[in-house]
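Contents: one structure, followed by commentary.
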Amino acid sequence: MSQRSDSVRIDEFTYFRGRVALAALLKAAGVKAGNRVALQAFTCVAVPEAVLSVGAVPVYVDTETDSFNMDPADLVQKLAPGTTALVIQHTFGIPANLGRLLPVAHDRALPVIEDCAHTITSSLDGRPVGTFGVGSFYSFEAGKPLVAGIGGSAQVNDPRLRERLDADYQGYVAPPILTQLQILATLVGYKTTYRPAAYWTVRAAFRWLAAAGVLKGNYNAVDASTRPATDFRRKLGGLQLLALRRELARLDRISIVNQRFRHPRPPRGTDPVDGRYPLTPLDKGRLLEQARSARVELADFYATAVHPLAGDQLRRVAYERGSCPNAEVLAQRVVSLPTGPRVGPRDVARSVDLLNSFTT
Ligand SMILES: *Cc1c(COP(=O)(O)O)cnc(C)c1O
């Protein structure tokens, strides 16, 4: 993992959110209005929102039957003329099947941007994820491996892309100090209250405060009136950058604890480190209920193909129901346990107890 801290700088091009970093990378990679951008279903609304913000159209690729990541065969099927970039997500920190995905992109000269929102330190054949594409991006909101309140960053591996990103970056402004303070207050609230055993209570409190407009929620509706374009011209606030650098200095602690977990069926040669620990129980609803009453942290995302959008809302991000059947089934089935520095041996024991006593 030390390779990550040595060779990769994720605090160089910092943005208001992960989706803002992705939008900046897409522009720098030459994506124009009307182009298509391929991305996987079983993702967060932040990803298509970034694509839509540059005027491009998201094209959804299904997940593999036995993993949480993009299916190379479906990628080939879904690529149409006008596709100008590919976003490869390393879901839950498990490296995607890059051995098969990258050749598809190279054959068609598609720039690849890696979605590293769930991982800082995973690697594939000893090489850190985030270094395979022309660029990659990170997210620092609650629930991600490094939490700075809200925030994101871009990492660039291609010199020409770097030049363009750098030029574009000059136009970004920090959020007003009041917004920065609000995000900082959210971070302090999160850090002082969140423990895996307090997950359900903290989640309810945060959702309530977000609905009341007191703090910034993770998910925003894709709606031009409530989602001003100004967010997409914002960089990370100075206060959030300080929080991020403080977290980066503690990166070692994150990996050590996470290695207690074995992730399910990672591709050969991968070394998944952080993210979350996904499970697909027979009865998701019931396991979530039992976790809630046992006060064991268990997250239900992604619960739809483009979380948290459901039903007709999916059309707003150009997702056609039935177009990615594996991802839709996965979303109905998956839950995940937390990993990270806050998860101690007792939390692990309680999670294991819950799973052992799970009855359907
Ligand atoms: C969290 C997340 C993002 C970015 O989220 P922001 O809220 O914009 O920081 C992007 N992709 C995935 C898969 C995510 O989970």
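Please treat every number below as a calculation from the coordinates, not as lab data. Computed from a predicted structure; not experimentally measured. Cβ: placed from backbone, ideal geometry, glycine included. Neighbour counts: every protein chain shown.
For G18, the test of being in contact with a Gly (Cβ under 8 Å, 6 or more places away or on another chain) and more than 14 Å from the ligand (Cβ to nearest atom) is failed. Could you tell me whether any residue of segment 98-108 is within 15 Å of the ligand (Cβ to nearest atom) and surrounded by 24 or more Cβ atoms within 10 Å (Cβ to Cβ)? No; the residues of segment 98-108 include none that is within 15 Å of the ligand (Cβ to nearest atom) and surrounded by 24 or more Cβ atoms within 10 Å (Cβ to Cβ).
Tallying residues that are in a helix (DSSP H, G or I), among the acidic types (D, E) and surrounded by 15 or more Cβ atoms within 10 Å (Cβ to Cβ) within segment 281-334 yields 1. Do the conditions hold for A85, that is, is it closer than 24 Å to V31 by Cα and hydrophobic (A, V, I, L, M, F, W, C)? The answer is yes for A85. Looking at S136, S153, S122, just one residue is under 22 Å from H106 (Cα atoms) and within 16 Å of the ligand (Cβ to nearest atom), and that residue is S136. Please determine whether any residue of segment 39-49 is away from the ligand (no atom under 14 Å from the Cβ) and not hydroxyl-bearing (S, T, Y). No, the conditions are met nowhere in segment 39-49.
Among the hydroxyl-bearing types (S, T, Y), in a helix (DSSP H, G or I) and surrounded by fewer than 18 Cβ atoms within 10 Å (Cβ to Cβ), is that true of T192? Criteria met by T192.
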